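The structure appears right after this line, and notes come after that.
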Amino acid sequence: MIKKNTYSFYHKRIRTALCAVLCSVLTAMPAFATGEDNSPTAAASTTVWTKASEIMQDVYSQIISISTVTAVVCAAVALLLMNFSKNGKTVDDSRAWLKRIAITWAILNGLGFIMAYVTPFFQGGTWNP
């Protein structure tokens, strides 16, 4: 039986892992959150948190648009199955899926309503009517 040199085997693995980590560190590019305007006052007013808020609002609007289209398509399929099926189980399943689709869509849009209209009243941790 030929015994493999375990030192050189592990040494190569550790060296490869170290090279991969160093290469990833050297190729990383820093990201800076800056405003649209390059003036000093505009850059000072834009923080990481305001940029994150803008990104989250953009992502949420994309999710809402995709979920609305998906809900309409799925609801149409469920209605077609419910109306043109002769099997009672299929009709009951379609009705249940239609209810789930409507509730999920209402919850997603309700979250947007809360974020857009209710949270400004609580800015700063206090009630601001």
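Bear in mind that the values in this text are calculations on the coordinates, not laboratory data. All figures in this text were calculated on a predicted structure; none of them were measured in a lab. All Cβ positions, even for glycine, are placed from backbone atoms using ideal geometry, and neighbour counts span all protein chains on display.
Can you check what the net charge comes to around Ala20, using other residues whose Cβ is under 14 Å from the Cβ of Ala20 (Lys, Arg +1; Asp, Glu -1)? Spell out each step's value before the answer.
On the way: positive: Lys12, Arg13, Arg15; negative: none.
Value of the local net charge: +3.
Would you mind getting me the FRET efficiency between Ala75 and Val21? Use the beta-carbon distance for r and R0 = 41 Å, nearest 0.05. Present the calculation step by step, with values, prior to reporting the outcome.
On the way: r = 49 Å, r/R0 = 1.20.
Efficiency at R0 = 41 Å is approximately 0.25.
Have a look at Leu98, Asn109, Gln123 and report the one farthest towards the positive end of the charge dipole of the stretch 47-125, computed about the Cα centre with Cβ charges (Lys/Arg +1, Asp/Glu -1).
Leu98
Within a 10 angstrom radius of the beta carbon, how do Ser85, Ser8 rank from fewest other beta carbons to most?
Numbers: Ser85 14, Ser8 9.
Taking fewest neighbouring Cβ atoms as first place, the list is Ser8, Ser85.
Sequence gap at least 6, Cα distance under 8 Å: using those rules, report the relative contact order of the stretch 47-125 to the nearest whole percent. Could you put the intermediate results ahead of the total?
On the way: 29 pairs, mean separation 21.8, N = 79.
It rounds to 28 percent for the stretch 47-125.
Just check the stretch 47-125 against the gyration tensor rule for me: Cα atoms, a ≥ b ≥ c as the square roots of the eigenvalues, rounded for a/c under 1.5, and otherwise prolate or oblate depending on whether a/b exceeds b/c. Walk me through the intermediate numbers first.
On the way: a/c = 5.34, a/b = 2.85, b/c = 1.87.
Prolate.
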